[in-house]
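Peer 1: Structure below; questions to follow.
The values are calculated or read from the model by the stated rules, or taken from the named source; none is laboratory data. The structure presented is a predicted model; accordingly, all values stated were derived computationally and were not measured. Here the Cβ positions follow ideal geometry from the backbone for every residue, glycine too, while neighbour counts run over all protein chains shown.
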Amino acid sequence: MVVVCWSVVVHNKNRPSGLSTSAFNIPCCEFDLHDYPECNRNFLQIVIVERKPYISPSFSYVPLEETLEILPRKKKLFIGIPKETSFQENRVALTPEAVSVIVNSGHDVVVEQGAGEGSFYFDHDYSEAGARIVYDKAELYKATAIIKSAPISEQEVEWLQPNQVIFSPIHMPILKTEMLEALMHKKIIAIAFESIKDDSGNYPIVRSMSEIAGATAILNAAKYLSNVHHGKGILLGGISGVPPAQVLIIGAGIVGEFAARTALGLGATVKVFDNSIYRLMRLQNNVGHRLFTSVIEPVTLAEELANADVAVGALKPVSGITPVVVTEGMVQAMKAGSIIIDVSIDRGGCFETSRITTHEKPTFKQYDVIHYCVPNIASGVSRTASRAVSNVLMPILQESAESGGVEGLIQLKSGIRNGVYLYKGCVTNAPIAKRFGVKYTDLDLLLAAQS
């Protein structure tokens with residue numbers, strides 16, 4: 001046993017220095033003047049010189065208390081799935097199969113009448129899965145967690161209850177200051193499911209929707225090139241003796257990759273622009289086909305746009321907003337009857353002439369160029385999109401129950417925290433706070449202060 005001792009030097013104050021000095025090796029925890037009669041408090045000065053270890057011949061073991069992690073208690077969930085009535089949304093956030101898993105785990109699910117009809121999931125499908133069908137929105141919004149496939153609308157803000165949890169996408173162009181303030185006042189925990197990360201750091205819902213959007217963009221372009229939809233009457237892939245259409249893709253992310261895959265599969269000529277050499281190289285490798293690729297340089301981009309039959313905008317947003325890289329003049333120089341598919345319109349769009357359209361009226365013409373600018377493009381293939389979203393959200397909800405609720409899951413999972421943009425009255429998303437001029441609160445610091 002090692003005991004650390006002090007070497008204590010005692011000087012007599014009443015004698016010349018150095019005439020009377022005593023030294024003791026005293027254990028640091030045992031030193032007391034009363035135990036050493038040579039040391040008088042009134043006449044002696046005690047100076048600690050150094051610490052000297054020595055080995056004790058005995059060994060002793062002091063038992064320590066074992067610290068065990070206190071796991072959160074499993075919490076029963078009460079989930080509400082409303083019927084989407086805005087944005088021409090046909091998707092539903094949870095399929096009947098996912099609801100069956102959640103209900104069989106002991107949780108309650110209420111579904112508004114007709115919520116899944118846009119994806120051909122009917123009320124009897126949900127009731128057979130164990131959900132309760134409700135006909136009153138006010139009753140549905142009594143659920144503690146609301147799972148939506150469309151952004152929150154102004155009317156829905158009024159139905160929300162204090163301290164509710166909401167999983168839904170964000171549509172920045174339609175988010176208003178009044179809505180944000182109302183959500184903050186009700187201390188809503190709002191999670192943007194397109195910002196949720198998985199354990200590998202990827203965005204699973206964004207990837208799924210991007211794959212759908214990229215493929216669908218090319219299929220829509222092929223449709224609107226036909227005369228039936230007032231296009232110039234071009235077959236996208238061409239035939240023997242007739243060259244294929246020229247497809248230009250701006251953005252080499254997941255949307256751009258799957259747009260390129262689909263266009264190549266239909267036989268079109270594809271050119272891809274992006275400001276990231278890494279993304280261009282990755283797209284080349286993933287597609288497995290040699291393509292024309294270039295960084296976004298205005299002169300080269302304008303020349304290629306003038307020759308393109310189809311232009312797909314698929315740029316990633318910067319600080320929540322998509323940068324505009326195609327000016328009005330570039331669009332004006334494009335061929336009459338060509339098609340613009342602006343997949344980035346939900347974050348502002350990368351074409352200066354773009355404006356939001358709907359599934360009911362998806363296109364408009366400007367400078368004789370057809371613009372398709374539907375923000376929820378994946379809703380056009382709603383059943384596929386619903387299954388993709390449900391496959392991500394169902395395990396998250398199951399895990400939140402095991403973690404003691406959504407708040408417990410937010411504490412445990414950094415990927416879920418990444419999607420939180422409102423937390424009990426605080427804005428925890430920097431781009432949203434900057435856009436609306438409200439105070440930004442770091443969620444990690446907020447949770448640390450509460451724990």
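Peer 1: Looking only at segment 409-438, filter to residues that are in a helix (DSSP H, G or I) and in contact with a Ser or Thr (Cβ under 7 Å, 6 or more places away or on another chain); which one of those is surrounded by the fewest Cβ atoms within 10 Å (Cβ to Cβ)?
Peer 2: In this case the residue turns out to be 436.
Peer 1: Limited to segment 244-266, what total is found for residues that are assigned to a loop (DSSP other than H, G, I, E, B), surrounded by 23 or more Cβ atoms within 10 Å (Cβ to Cβ) and over 29 Å from the mean Cα position of the chain (by Cα)?
Peer 2: 1
Peer 1: Select from segment 297-315 the residues that are part of a helix (DSSP H, G or I) and either among the aliphatic types (A, V, I, L, M) or crowded, with 21+ Cβ neighbours inside 10 Å (or both) and list them in ascending order.
Peer 2: Hits for segment 297-315 are 299, 301, 302, 305, 306.
Peer 1: Please verify whether segment 92-111 includes one or more residues that are in contact with a helix residue (DSSP H, G or I) (Cβ under 6 Å, 6 or more places away or on another chain) and of a type in the set (D, E, K, R).
Peer 2: Scanning segment 92-111, I find no residue that is in contact with a helix residue (DSSP H, G or I) (Cβ under 6 Å, 6 or more places away or on another chain) and of a type in the set (D, E, K, R), so the answer is no.
Peer 1: Out of 405, 380, I need the residue that is over 18 Å from the mean Cα position of the chain (by Cα) and within 21 Å of residue 152 (Cα to Cα). Which one?
Peer 2: Of 405, 380, the one residue that is over 18 Å from the mean Cα position of the chain (by Cα) and within 21 Å of residue 152 (Cα to Cα) is 380.
Peer 1: Name the single residue, out of those in segment 439-451 being touching a residue at least 24 places away in the same chain (Cβ under 8 Å) and surrounded by fewer than 17 Cβ atoms within 10 Å (Cβ to Cβ), that is farthest from residue 348 (Cα to Cα).
Peer 2: Taking the candidates together, the pick is 451.
Peer 1: I'd like to check which helices (runs of 4 or more DSSP H) are fully inside segment 120-193 and have at least 1 residues that are over 18 Å from residue 103 (Cα atoms).
Peer 2: In segment 120-193, 137-140, 154-159, 177-185 are the helices (runs of 4 or more DSSP H) which contain 1 or more residues that are over 18 Å from residue 103 (Cα atoms).
Peer 1: Please identify the pairs in which a residue from segment 93-112 that is more than 15 Å from residue 148 (Cβ to Cβ) has its Cβ atom under 7 Å from the Cβ atom of a residue that is charged (D, E, K, R), counting only partners at least 6 apart or on another chain.
Peer 2: 96/125; 106/76; 107/76
Per-residue answers, yes or no, for (1) modelled with pLDDT of 90 or more; (2) under 30 Å from residue 334 (Cβ atoms):
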| residue | (1), (2) |
| --- | --- |
| 153 | no, no |
| 172 | no, yes |
| 180 | yes, no |
| 188 | yes, no |
| 192 | yes, no |
| 203 | yes, no |
| 221 | yes, yes |
| 243 | yes, yes |
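Peer 1: Something else now. Exactly one condition in (1) in a strand (DSSP E or B); (2) modelled with pLDDT under 95 is false for residue 349; which is it?
Peer 2: Going through the list (1) in a strand (DSSP E or B); (2) modelled with pLDDT under 95, residue 349 breaks only (1).
Peer 1: Here is a check on your reading of the model: is residue 287 more than 30 Å from residue 434 (Cα to Cα), modelled with pLDDT under 95, touching a strand residue (DSSP E or B) at 6+ places or on another chain (Cβ under 9 Å) and surrounded by 15 or more Cβ atoms within 10 Å (Cβ to Cβ)?
Peer 2: For residue 287, the condition - more than 30 Å from residue 434 (Cα to Cα), modelled with pLDDT under 95, touching a strand residue (DSSP E or B) at 6+ places or on another chain (Cβ under 9 Å) and surrounded by 15 or more Cβ atoms within 10 Å (Cβ to Cβ) - is met.
Peer 1: Within segment 224-247, does at least one residue satisfy the condition of being polar (S, T, N, Q), in the same structural domain as residue 408 (by TED's automatic domain parsing) and farther than 19 Å from residue 369 by Cα?
Peer 2: no
Peer 1: Then there is this: Looking at (1) surrounded by fewer than 21 Cβ atoms within 10 Å (Cβ to Cβ); (2) assigned to a loop (DSSP other than H, G, I, E, B), which one does residue 364 not meet, given that it meets all the others?
Peer 2: It fails just one condition, (2).
Peer 1: Closer than 24 Å to residue 411 by Cβ, of a type in the set (Ser, Thr, Tyr), modelled with pLDDT under 95 and in a loop (DSSP other than H, G, I, E, B), is that true of residue 67?
Peer 2: Against the criterion (closer than 24 Å to residue 411 by Cβ, of a type in the set (Ser, Thr, Tyr), modelled with pLDDT under 95 and in a loop (DSSP other than H, G, I, E, B)), residue 67 qualifies.
Peer 1: Next up: Name the residue, out of 349, 405, 415, that is more than 29 Å from residue 323 (Cβ to Cβ) and either out of contact with any Phe, Trp or Tyr (no Cβ under 8 Å at 6 or more places or on another chain) or touching a residue at least 60 places away in the same chain (Cβ under 8 Å) (or both). I'd like the intermediate steps shown before the answer.
Peer 2: Working: 349 fails: more than 29 Å from residue 323 (Cβ to Cβ); 415 fails: more than 29 Å from residue 323 (Cβ to Cβ).
So the residue among 349, 405, 415 that is more than 29 Å from residue 323 (Cβ to Cβ) and either out of contact with any Phe, Trp or Tyr (no Cβ under 8 Å at 6 or more places or on another chain) or touching a residue at least 60 places away in the same chain (Cβ under 8 Å) (or both) is 405.
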